Amino acid sequence: MSRKYLVFLIPVLAVLAAAAGCLSTTFQEVTYEGDALEIFVENTDNPVENAVLQVTIMEVEALEQNKVFCKARYINLDHGQNEYTIPVDLEPGSYKIFLTIFVGDERRASVIRNLEVAP
C-alpha cells in the first residue's frame with residue numbers, strides 16, 4: 001500500500017472507530033428482585049417525554065422459548081441515568097429479556113439479556 005493512501009486511511013479509521021461507540025441511549029444493568037424488573041438506562045442525548053419502553057420476557061426451556069410477559073409503556077427519558085421498575089412475577093427458571101426503547105418512530109436502543117430466577 002502506498003504512503004499517500006496510508007496517510008488518508010489512518011484518520012478515516014480513527015473517525016469511524018470513534019463514531020462506532022456513540023450511542024445516545026444504552027441499557028445498563030437489569031435485575032429482578034422477586035416481583036419486579038429494575039431496568040437502568042443511560043441517556044446522553046436530550047431528555048425525551050413519551051418515549052416507549054417495551055419489555056418482552058421469554059422463558060427458555062430446553063430448545064424452546066415461550067413468551068411469558070410483554071408490556072410497552074410510556075417513559076420520560078431524562079438526561080443521564082434513568083431507572084424503571086416493571087412489576088412482573090416470574091417463576092424460577094431461565095429467561096431472555098428483550099428490551100427496546102422507541103422515540104417516535106425511531107428505535108433508540110435495543111438489547112437482549114439473559115436472566116436466571118433462583119428458587
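Scanning the stretch 32-67 for residues that are open to solvent by 70 Å² or more (accessible area, probe 1.4 Å) and either touching a residue at least 24 places away in the same chain (Cβ under 8 Å) or in contact with a Gly (Cβ under 7 Å, 6 or more places away or on another chain) (or both) turns up Asp35, Thr44, Asn46, Pro47, Glu49, Asn50, Glu61, Gln65. Among the criteria (1) within 30 Å of Pro119 (Cβ to Cβ); (2) part of a strand (DSSP E or B); (3) hydrophobic (A, V, I, L, M, F, W, C), the one Leu90 does not fulfil is (2).
Looking at Leu6, Leu23, Leu16, just one residue is within 18 Å of the chain's Cα centre (by Cα), hydrophobic (A, V, I, L, M, F, W, C), at pLDDT below 90 and outside any strand (DSSP E or B), and that residue is Leu23. The C-beta contact set for the stretch 79-90 (first residue open to solvent by 20 Å² or more (accessible area, probe 1.4 Å), second residue in a strand (DSSP E or B) and modelled with pLDDT of 95 or more, distance under 7 angstrom, 6+ apart or interchain) comprises His79/Asn43; Gln81/Phe40; Gln81/Glu42; Glu83/Glu38; Glu83/Phe40; Thr85/Ala36; Thr85/Glu38; Pro87/Ala36.
The values are calculated or read from the model by the stated rules, or taken from the named source; none is laboratory data. Bear in mind that the values here come from a model prediction, so they are computed numbers and not experimental data. Neighbour counts run over all protein chains shown; Cβ positions are idealised from the backbone, glycine included. Heavy atoms of the whole protein, side chains included, go into the accessibility calculation; ligands, DNA and RNA do not. Shrake-Rupley method; radii C 1.70, N 1.55, O 1.52, S 1.80 Å.
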